[in-house]
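The values are calculated or read from the model by the stated rules, or taken from the named source; none is laboratory data. Please read all numbers here as calculations on a predicted model, not as lab measurements. Don't worry about glycine lacking a Cβ; one is built from the backbone with ideal geometry, like all the others, and counts go over all protein chains shown.
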Amino acid sequence: MNHLRRRLLTLPILFLATFLITAGLPLWLLLAWVSGLLIQGARAAPRVLLFLTAFLWCEVIGVLASAWLWLRHGWRHDAASRQQFLEANFRLQFWWAERLKRAAAWLFRLRFSVEGAENLDGDGVIMLPRHCSIGDTLIPIVFYCAARDRRLRYVLKRELLFDPCLDIVGNRLPNYFVDRAAQDTGREVDGIKALAAGLPADQGVLIYPEGTRFSAAKRQTLLARLQTRDPELATRAAAWDRLLPPRSAGPVGLLLANPGRDLVFCAHTGFEGSASFTTLFNGSWLDTEVRVKFWRVPFADLPRDAPGLKVFLHAQWDRMNDEVTRLQDGFSGQPGQA
């Protein structure tokens with residue numbers, strides 16, 4: 001589906017949903033409050049409704065702001081205007097993520113603690129975070145991009161194009177939307193590798209090695225597949241009880257194209273049990289401390305060949321699982337300032 005056809009579908013749905021939710025908010029809140037009392041697993045229903053409302057309004061404001069940015073800069077083709085347009089869209093991305101983080105923190109009484117923040121200093125990096133929730137996507141933007149005035153080029157799944165803000169702004173920025181069902185995986189890897197070309201000093205690349213959000217069911221499915229495809233990796237992956245096995249093609253391809261950037265890995269806990277809006281109703285975010293750990297691997301310490309990088313990635317995934325376990329059991333970080 002091309003951009004125009006998709007947006008002719010998604011934009012009216014966004015504006016209609018925002019109008020219906022906002023106009024009927026008192027009634028929806030009453031129904032949500034009653035549902036929280038009567039339905040097991042829906043105790044956070046009123047808070048989820050308010051967060052959904054905040055999300056929809058962030059989307060609407062983001063879409064309208066993106067239209068204004070195009071009127072101001074986007075239609076011009078000179079180099080200065082194109083750079084201003086790109087920078088303005090990065091700033092809009094920061095605004096969108098920070099407002100959602102603040103809304104979530106206020107509504108669910110979230111607390112954020114960060115360890116290893118000093119590893120985010122310096123020029124742009126290649127970042128490889130754990131992925132378990134709709135909420136953890138905000139961590140790199142809030143604690144790295146906005147806090148240190150850095151930009152990340154994202155590897156994202158193509159399904160996210162049905163989010164109007166991600167569709168419009170995400171396609172203006174140098175991101176790559178992966179078709180996970182593509183027959184030609186080489187083309188997708190080439191698209192990922194292209195993100196590393198021509199990186200300015202303040203830009204880096206982010207890829208989620210797991211390729212999708214963690215769940216126990218997904219983990220069991222992937223482990224069963226690995227038993228027949230790669231028994232050695234299946235044995236090792238069985239120890240990653242809090243992670244999915246990393247996909248090697250995209251991350252290794254990106255690291256082979258790395259022009260010299262250090263790597264930053266991001267472990268976190270606190271967002272488990274909320275892979276989507278629907279699972280938020282169980283109250284898993286309520287009164288939660290989100291604990292984050294960053295660590296850095298210098299470019300000089302990286303292997304230069306694909307087999308070596310695959311071994312390196314698996315070793316880092318051993319550490320990632322250990323860090324997540326430690327974060328869930330105890331922590332030595334400081335309150336986040338973002």
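When only residues in the stretch 1-50 that are in contact with a Pro (Cβ under 8 Å, 6 or more places away or on another chain) and among the hydrophobic types (A, V, I, L, M, F, W, C) count, which is surrounded by the fewest Cβ atoms within 10 Å (Cβ to Cβ)? In this case the residue turns out to be TRP33.
Residue-wise test of (1) free of Cβ contacts under 8 Å to residues at least 40 places away in the same chain; (2) in a helix (DSSP H, G or I); (3) closer than 25 Å to ALA97 by Cβ; (4) β-branched (Val, Ile, Thr).
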| position | (1), (2), (3), (4) |
| --- | --- |
| THR18 | no, yes, yes, yes |
| ILE21 | yes, yes, yes, yes |
| GLY41 | no, no, no, no |
| PHE55 | no, yes, yes, no |
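Criterion applied to PRO200, PRO209, PRO174 was being part of a loop (DSSP other than H, G, I, E, B) and surrounded by 20 or more Cβ atoms within 10 Å (Cβ to Cβ), and the one residue passing it is PRO209. Going through (1) within 25 Å of PRO259 (Cβ to Cβ); (2) in contact (Cβ under 8 Å) with a residue 24 or more places away in the chain one by one, GLY135 falls short only on (1).
For the stretch 73-105, the candidate set comprises residues that are free of Cβ contacts under 8 Å to residues at least 40 places away in the same chain and of a type in the set (Phe, Trp, Tyr); within that set, the residue that is surrounded by the most Cβ atoms within 10 Å (Cβ to Cβ) is TRP95.
Is it fair to say PHE265 is in a loop (DSSP other than H, G, I, E, B), touching a residue at least 24 places away in the same chain (Cβ under 8 Å), buried (at least 20 other Cβ atoms within 10 Å of the Cβ) and within 20 Å of the chain's Cα centre (by Cα)? In short, no. Test LEU152 against the stated conditions and say whether it is in contact (Cβ under 8 Å) with a residue 40 or more places away in the chain, hydrophobic (A, V, I, L, M, F, W, C), over 17 Å from THR137 (Cβ atoms) and in contact with a Pro (Cβ under 8 Å, 6 or more places away or on another chain). No, not satisfied. Which one of these is assigned to a loop (DSSP other than H, G, I, E, B), of a type outside the set (Ser, Thr, Tyr) and under 20 Å from GLU210 (Cβ atoms): GLY124, GLY135, GLY191? Unique residue meeting the criteria: GLY135. Candidates ALA42, ALA65, ALA79: the one that is modelled with pLDDT under 90 and under 26 Å from TRP106 (Cα atoms) is ALA42. Kindly indicate whether any position in the stretch 157-169 is crowded, with 19+ Cβ neighbours inside 10 Å, under 17 Å from the mean Cα position of the chain (by Cα) and free of Cβ contacts under 8 Å to residues at least 40 places away in the same chain. Yes, there is a match, as at least one residue in the stretch 157-169 is crowded, with 19+ Cβ neighbours inside 10 Å, under 17 Å from the mean Cα position of the chain (by Cα) and free of Cβ contacts under 8 Å to residues at least 40 places away in the same chain.
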